[in-house]
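Here the structure comes first, spelled out in structure tokens, and everything after it is commentary.
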């Protein structure tokens, strides 16, 4: 869900740089994490949620990060002057660092931090206004509770899923787990409104526990007066839903307009969540 | 199964370099492949097997590699003068290249090639002579037929498995799939001798189809007069095996001396396979 743009600024370990040591474990093994964050007027509205997820993920992967140092570094990076509009995307990559003995980790090497900044992607306005067309992907997500939820750098399944289509009218693909249950989009999480409840698939065996997903789960009950729950989502449940929408921390909320043979108008619940998120982003 | 050493030589896209563009998809998504090859007197005895696996894997991942160009490049890299012994390990990383639109691939960018050379790892001689002690890992391998067999850069499961122990007497850990069936070592494949057959776990749902595993499967019948087959390996089958050994394209063959509460002397089949591989490596 990101458009091709030039990175406007790049820091590696807090210094301007465009390259990384070739023996970094991020390259060798995908041994690291990333966050893709929306920046507004030099600040990231959801920064604390991003940092909380990063900290929890790093703890699970036993990558020793210093969250206060990262917060400070991200703050300084966001405040750098950049030509162009006020909105931007900040991508943070944190790897376990360099070297080690093959897979074995060398405790001597600190994590590597990469910060990248680019302009907001320029998707068509109608994707927010009228919704997006979505497809089902063939490739499925491997299941492993040890890695589920973590936004780590092992993302070949998503790359292969995204290779399945090149129709630019299709905004996103939905991915199922090994049992055929729909879990998420290639780079978004999924919500549906059905039976008076807001439902999103559980992220227990696979999938990314998205920051925007977390925000919506937390804030929907107060905002909507509806219970928000996790629940298994078979294709039939999606086809029968009153409303469907996708979300992530860059685009906010996209209503689903078409999936398979079914189409939807943009529903009132989706619109309310979308407006709430847009207000946070100032968009 | 690799010891920490300094890389003696590094090429990035056929030029001496120690760094990689920060927007390479190898870092962003683990979107690439690698081969770890043993070099002897400036040549790689199993080069064609490595290239064949690489080509098949690249085809499955739709990474457009030029095998003839790679063969030539590896040949020139191996023949560079290096201080020290004649044996070396050559690691090749091939990524899908730079950039693209998020997960979506830009066809304009060619794959990135990284070649690294280091001395052979210095494991204790007794690991070959008397065998190695091995443990079972807790973390399991996710299952996905779309990626099974491929030596890709998504290796977090192996990193997490290797973090489970730091006892330097334990040479390797065995990893099971989600159903508890033993599939491979963290950086090796597994064979067992039982009931007059040589058995290795199938690489269908997960695991790496190792080059040394392929060689042994192909050559064992003629070498040993035994059928070599793939078969599901529960822990009970391992505990009851007459012989167990591990293999990869760097160390060759390590007999398993101890696993759990069971110990084995080095068996005659293992010794024969080991000698065969050592002759290929000239070691």
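Values quoted throughout were computed directly from the atomic coordinates according to the rules given, and no laboratory measurement underlies them. These numbers come from a predicted model, not from an experiment. Here the Cβ positions follow ideal geometry from the backbone for every residue, glycine too, while neighbour counts run over all protein chains shown.
Below is a table of values for the structure above.
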{"item": "Tensor-based shape of the stretch B:101-150 (alpha-carbon gyration tensor, a/c under 1.5 rounded, otherwise prolate or oblate)", "result": "oblate"}
{"item": "Protection proxy ranking of A:36-48, A:248-260, A:60-72 - average other beta-carbon atoms within 10 Å, highest first", "result": "A:248-260, A:36-48, A:60-72"}
{"item": "Stokes-Einstein translational diffusion, the stretch A:220-270 - Kirkwood Rh over all Cα pairs, 1.306 mPa s, 10 °C, in µm²/s", "result": "129 µm²/s"}
{"item": "Teacher prompt: residue B:71 distances to equivalent labels in other copies, 7 Å Cα→Cβ, nm", "result": "5.7"}
{"item": "The stretch A:1-142, relative contact order [Cα under 8 Å, separation at least 6], %", "result": "34 percent"}
{"item": "Calculated on alpha-carbon atoms, Rg and Dmax of the stretch A:137-221 in Å", "result": "13.1, 37"}
{"item": "Potential lengthening between residue A:80 and residue A:226 on full extension [0.36 nm per residue; Cα-Cα distance subtracted]", "result": "48.5 nm"}
{"item": "Using alpha carbons only: equivalent-ellipsoid semi-axes of the stretch A:149-198, gyration tensor based, whole Å", "result": "21, 16, 11"}
{"item": "Chain A - convex hull of the alpha-carbon atoms, volume per residue in Å³", "result": "129 Å³"}
{"item": "Label 7 Å beyond Cα on the Cβ vector: residue A:236 copy-to-copy distances, nm", "result": "3.7"}
{"item": "Shielding by partners, peptide A:13-24 (average Cβ within 10 angstrom, other chains)", "result": "5"}
{"item": "Reciprocal of mean inverse Cα separation for the stretch A:59-213 (Kirkwood radius, Å)", "result": "18.4 Å"}
{"item": "Antiparallel bridges, percent of DSSP beta bridges restricted to the stretch B:57-192 (to nearest 5)", "result": "70 percent"}
{"item": "Added length on full extension, which subtracts the Cα-Cα distance from 0.36 nm per residue, residue B:271 to residue B:167", "result": "34.8 nm"}
{"item": "Computed helical MRE - 222 nm, chain A, DSSP H runs ≥ 4 contributing -39500 (n - 2.57), nearest 500", "result": "-7500 deg cm²/dmol"}
{"item": "Computed FRET value (nearest 0.05) for residue A:72 with residue A:283, which takes r as the C-beta separation and R₀ as 45 Å", "result": "0.95"}
{"item": "Inter-copy spacing of residue A:166 label points, which lie 7 Å from Cα along Cα→Cβ, given in nm from shortest upward", "result": "4.9"}
{"item": "The stretch B:1-123: Rg to Rh, with Rh as the Kirkwood radius over Cα pairs", "result": "0.97"}
{"item": "Angle in degrees between helix A:47-61 and the longest Cα principal axis of chain A, rounded to the nearest 10", "result": "70 degrees"}
{"item": "Inter-site label distance for residue B:43 and residue B:60 at 7 Å from Cα along Cβ, in nm", "result": "3.0 nm"}
{"item": "Exercise: per-residue mean of other protein chain Cβ atoms within 10 Å, B:30-37", "result": "4"}
{"item": "Share, in percent, of DSSP beta bridges within the stretch A:129-283 that are antiparallel, nearest 5", "result": "60 percent"}
{"item": "Helix A:268-281 vs. chain A, principal-axis angle (Cα, 0 to 90°, nearest 10)", "result": "30 degrees"}
{"item": "P(r) weight above 14 Å for the stretch A:50-96, C-alpha pairs, percent", "result": "56 percent"}
{"item": "Whole-number percent relative contact order across chain B, with pairs defined as alpha carbons under 8 Å at least 6 apart", "result": "19 percent"}
{"item": "Shielding by partners - mean other protein chain Cβ count within 10 Å, residues of A:148-159", "result": "6"}
{"item": "All Cα pairs of the protein assembly as shown, percent lying beyond 41 Å", "result": "26 percent"}
